[in-house]
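Just so it is clear, none of the values below were taken in a lab; they were calculated from the coordinates. Bear in mind the structure is a predicted one, so any value in this text is a computation, not a measurement. Positions of Cβ are backbone-derived with ideal geometry, glycine not excepted, and every protein chain shown enters the neighbour counts.
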């Protein structure tokens, strides 16, 4: 879908073709990176192209969600962090996470995704640490998340614990 959007859009309007010098974000060091033209940025100031986000989620095999609901989730999120690969004047969304919050004590991290081509390079770790730093800057002290079994150890290495103090989460789902 993003291909068609890019094909028929004005390049000067596209987030993927804007010059790097106009990019607001934090530059990351990528371990083992040999391409001096490629840079990775984290940002909280970018509007997310829903089609580009959907393409990223497709790349990791997530089920599709209605774009109108994704847009609403982004609108009502307390924090949205995007990770961008920049090569020359081209940008590509390669990571994403968001958090909801009560704006005082608690935040929950959702939808953490890193493109498969960018995994195992420390970028997921950098994304989560950036999220935690941003939430702590807002004086949020209780940060939670839900993790699939295959990524529990990843989050443990970043300081998350399973069921602290024996607390058990409960869920309600419609029939």
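Would you please classify the overall shape of the stretch 112-175 from the alpha carbon gyration tensor, given that a ≥ b ≥ c denote the square roots of the eigenvalues, rounded means a/c under 1.5, and beyond that prolate means a/b larger than b/c while oblate covers the rest?
Note, shape of the stretch 112-175 comes out oblate.
Among 131, 170, what is the fewest-to-most ranking by other Cβ atoms within 10 Å?
Listing 131, 170 from fewest to most nearby Cβ atoms yields 170, 131.
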